[in-house]
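A.B. asks: Please see the structure below; I have some questions.
The values are calculated or read from the model by the stated rules, or taken from the named source; none is laboratory data. The structure presented is a predicted model; accordingly, all values stated were derived computationally and were not measured. Glycine also receives a Cβ, built like all others from the backbone with ideal geometry; neighbour counts cover every protein chain displayed.
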Amino acid sequence: MLVMLPEIVVIAAAFAVLLADLLLSERRRVILAPLAMAGLAAAMVVTVVAVPQSGEMLGGRFGMDPVAWWFKVLFLLAALVSVALSMDLLDGRARVRVRGIGHRGEYYTLLLATVVGMMCLISARDIITLYVALELATIPLFVLAAWRRDDALSGEAGLKYVIIGALASAFILYGLGLMYGLTGQTDLAAIARGLKSTSAFWLAAAMVMAGVGFKLTIVPFHMWAADVYQGAPTPVTAYLSVASKGAGLAFIFQLFFRVMGGYLEDWAILVALFAAATMTLGNVVAIVQQNIKRFMAFSAISQAGYLIMGFLGPSAEGVPAMLFYMLVYVVTNLAVFAGIVWYANETGREEIKDYRGLSRTNPLMALAMMVALFSLAGIPPLSGFVGKFFLFSIASRAGFHWLVAVAAVNSTVSLYYYLRIVRQMYIEPTFDGAASLRVTSAFAATTAALAAGVLLLGVVPFFYEVISADTLTWLAALVR
């Protein structure tokens, strides 16, 4: 029972939000966001305090291990912050009113449903549970992307996302079906024991890789990201930027390490080529973007290229490195999006040039965004630098020195386009007649906590290094 308790808590919170939305008057529905946050916080406490590091339920179809434990913490953290970033817009506290953005109860219920799906995804121990959990994690995101009913871009985003998502699911289902046909088993461990290196197996692996490539925005499966990021409501884009990537990484962990781990070395060069192409295209195309949400889409694509470098090393090193980088990415990306969401709420603007003079209209929000952008670029001693250092070390140890060189060049290129936003905020003059922009206390506290997390996650590994001679020892402790 304890193994599934966090999921039960989140499901209960989702039903509580939906019931409260049905029974309460419009004026009292302001409690829906705090209610959703309370449910997520309770699930986080349960996960940290009560859930064992290992265990199984449902006849072995649902399990817990240290990797699943850390993923669940990441998913709950991302959802908790996303609800906090959505409150001002949905509760009508934003200065710019957006038409067709209501229905708070359904919004938070769908968001909580995706969290349940992602948490079940990393705990699934057979391909049926795995696929159902993946669909539960992604289908509500299609609805959230099209949440602004009166906005053509939002409708387009939802339509494109559902079409591409359905295509990705078809690839994955076909690959999983082939694995079942080859082994006659649905249990992940049994499939791993029964698989042989045949042409059908490699076709199944290719299908799964293509489907997961859509979720992780790996080139050439990235084409949906920019349009969906731009069209979706800004708080949804913030959640989507970390949720889809987290779900994709959890799924690929399940298939690569539980099922096909014995064949990872055989496609290491393919993973390296995917990583190089993804980080290069993301960084190069981001340079010419003018809309900040499209800009962040290509930033997310480039970050996916760095992330999958962890698959080039042994699981004892690659798993903790990717988990740490995913934690860094969640905190850092949401810190940037906190500024984007807040600025859209106050001004309705989404172009990069619109951020001119922000350091003079709200210095604290500009500072938080600058810290997070520098972290995404990999500036030491911020957390982004530390996360990239561990991933680069793994690729280097695996003998892919050329990939480390490509990644280093791409990190340098990324500094240029991240500095474009910093330049607008700190160097360019403000708009004529620009006044100071307010920020609610809850939003300010959320942004400050995220910025502090960006700094703290960069300092802690360095502090540990003073004690330990092995840079990966601290990371490995994450999954023990």
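A.B. asks: I'd like the residue in the stretch 296-335 that is hydroxyl-bearing (Ser, Thr, Tyr) and within 17 Å of GLY399 (Cα to Cα) and, out of all such residues, is surrounded by the most Cβ atoms within 10 Å (Cβ to Cβ). Step through it out loud before you land on a result.
C.D. replies: Taking the stretch 296-335 first, the residues hydroxyl-bearing (Ser, Thr, Tyr) are 299, 302, 306, 315, 325, 329, 332.
Add one more test, that the residue is within 17 Å of GLY399 (Cα to Cα), and what stays is 306, 315.
Working: TYR306: 26, SER315: 17.
Only one residue fits best here, namely TYR306.
A.B. asks: Take the conditions touching a residue at least 24 places away in the same chain (Cβ under 8 Å) and more than 16 Å from SER299 (Cα to Cα) and apply them to GLY313. Does it pass?
C.D. replies: Yes.
A.B. asks: Would you check if there is a residue in the stretch 274-291 being surrounded by fewer than 18 Cβ atoms within 10 Å (Cβ to Cβ), part of a helix (DSSP H, G or I) and more than 14 Å from the chain's Cα centre (by Cα)? Even if it seems obvious, please write down each step before you answer.
C.D. replies: Start the filter on the stretch 274-291 by keeping residues that are surrounded by fewer than 18 Cβ atoms within 10 Å (Cβ to Cβ), which leaves 277, 284, 287-288, 290-291.
Narrowing further to those that are part of a helix (DSSP H, G or I): 277, 284.
Narrowing further to those that are more than 14 Å from the chain's Cα centre (by Cα): 277, 284.
Within the stretch 274-291 (the criterion being surrounded by fewer than 18 Cβ atoms within 10 Å (Cβ to Cβ), part of a helix (DSSP H, G or I) and more than 14 Å from the chain's Cα centre (by Cα)), the answer is yes, since at least one residue qualifies.
A.B. asks: If I ask for residues that are charged (D, E, K, R) and within 30 Å of MET260 (Cβ to Cβ), which ones from the stretch 108-156 would you list?
C.D. replies: ARG125, ASP126, GLU135
A.B. asks: Scan the stretch 102-121 for residues that are among the hydrophobic types (A, V, I, L, M, F, W, C) and over 14 Å from the mean Cα position of the chain (by Cα) and jot them down.
C.D. replies: Matches in the stretch 102-121: LEU110, LEU112, ALA113, VAL116, CYS120, LEU121.
A.B. asks: Checking the structure you have, find out if any residue of the stretch 357-364 is buried (at least 23 other Cβ atoms within 10 Å of the Cβ) and hydroxyl-bearing (Ser, Thr, Tyr).
C.D. replies: Our first condition is that a residue be buried (at least 23 other Cβ atoms within 10 Å of the Cβ); within the stretch 357-364, this holds for 358.
With the extra rule that they be hydroxyl-bearing (Ser, Thr, Tyr), the set shrinks to none.
So far as the stretch 357-364 goes, no, none of its residues is buried (at least 23 other Cβ atoms within 10 Å of the Cβ) and hydroxyl-bearing (Ser, Thr, Tyr).
A.B. asks: Quick check on this structure: which one of THR114, THR109 is at pLDDT 85 or above and closer than 21 Å to LEU323 by Cβ?
C.D. replies: THR114
A.B. asks: Filter the stretch 42-65 down to residues that are surrounded by 15 or more Cβ atoms within 10 Å (Cβ to Cβ), not in a strand (DSSP E or B) and not acidic (Asp, Glu), then give me how many there are.
C.D. replies: Final tally of qualifying residues: 7.
A.B. asks: Hey, another quick one. Out of all the residues in the stretch 193-225, which are of a type in the set (Gly, Ala, Ser) and either at positive phi or modelled with pLDDT of 85 or more (or both)?
C.D. replies: The initial filter retains those residues of the stretch 193-225 that are of a type in the set (Gly, Ala, Ser), namely 194, 197, 199-200, 204-206, 210-211, 213, 225.
Correct list: SER199, ALA200, ALA204, ALA205, ALA206, ALA210, GLY211, GLY213, ALA225.
A.B. asks: Which residue pairs have Cβ atoms under 7 Å apart, sit 6 or more places apart or on different chains, and have a first residue in the stretch 365-379 that is within 9 Å of ALA451 (Cβ to Cβ) and aromatic (Phe, Trp, Tyr) and a second that is at pLDDT below 90 and surrounded by fewer than 22 Cβ atoms within 10 Å (Cβ to Cβ)?
C.D. replies: Once the first residue is within 9 Å of ALA451 (Cβ to Cβ) and aromatic (Phe, Trp, Tyr) and sits in the stretch 365-379, no partner that is at pLDDT below 90 and surrounded by fewer than 22 Cβ atoms within 10 Å (Cβ to Cβ) comes close enough.
A.B. asks: Any residue in the stretch 28-37 that is assigned to a helix (DSSP H, G or I), without any contact (Cβ under 8 Å) to a residue 24 or more places away in the chain and β-branched (Val, Ile, Thr)?
C.D. replies: yes
A.B. asks: Write out, first by first residue and then by second, each pair whose Cβ atoms fall under 7 Å of each other, whose residues are 6+ apart or on separate chains, and whose first residue, in the stretch 278-294, is at negative phi while the second is of a type in the set (D, E, K, R).
C.D. replies: Note: pairs meeting the criteria are GLN290/GLU351; ASN291/GLU350; ASN291/GLU351; ILE292/GLU350; ILE292/GLU351; LYS293/GLU350.
A.B. asks: Quick test for you: out of LYS196, LYS215, pick the one residue that is farther than 23 Å from LEU273 by Cβ and either surrounded by 22 or more Cβ atoms within 10 Å (Cβ to Cβ) or out of contact with any Gly (no Cβ under 9 Å at 6 or more places or on another chain) (or both).
C.D. replies: LYS196
Residues checked against (1) of a type in the set (Ser, Thr, Tyr); (2) under 28 Å from TYR107 (Cβ atoms); (3) within 24 Å of the chain's Cα centre (by Cα):
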| site | (1), (2), (3) |
| --- | --- |
| ALA13 | no, yes, yes |
| ARG27 | no, yes, no |
| VAL45 | no, yes, yes |
| GLY59 | no, no, no |
| GLY63 | no, no, yes |
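A.B. asks: Is one or more of the residues making up the stretch 240-254 modelled with pLDDT of 90 or more, within 26 Å of ALA79 (Cα to Cα) and of a type in the set (D, E, K, R)?
C.D. replies: no
A.B. asks: Could you list, ordered by first residue, the pairs with Cβ atoms under 8 Å in which the first is in the stretch 148-165 and within 25 Å of GLY211 (Cα to Cα) and the second is at pLDDT below 90 and surrounded by fewer than 16 Cβ atoms within 10 Å (Cβ to Cβ), at least 6 apart or interchain?
C.D. replies: Close Cβ pairs (under 8 Å, with a partner that is at pLDDT below 90 and surrounded by fewer than 16 Cβ atoms within 10 Å (Cβ to Cβ)) amount to SER154/GLY100; GLY155/ARG149; ILE164/MET223.
A.B. asks: Next question, about the same structure. Among the helices (runs of 4 or more DSSP H) lying completely within the stretch 394-480, list those that include at least 3 residues that are modelled with pLDDT of 85 or more and buried (at least 16 other Cβ atoms within 10 Å of the Cβ).
C.D. replies: On the way: elements: 401-426, 441-467, 473-476.
Here the list reads 401-426, 441-467.
A.B. asks: Could you check, for the stretch 337-347, whether at least one of its residues is within 16 Å of the chain's Cα centre (by Cα) and either part of a helix (DSSP H, G or I) or within 18 Å of LYS245 (Cβ to Cβ) (or both)?
C.D. replies: As a first pass, look at the stretch 337-347 and keep what is within 16 Å of the chain's Cα centre (by Cα): 337-338.
Subset that is either part of a helix (DSSP H, G or I) or within 18 Å of LYS245 (Cβ to Cβ) (or both): 337-338.
Yes, that holds for at least one residue.
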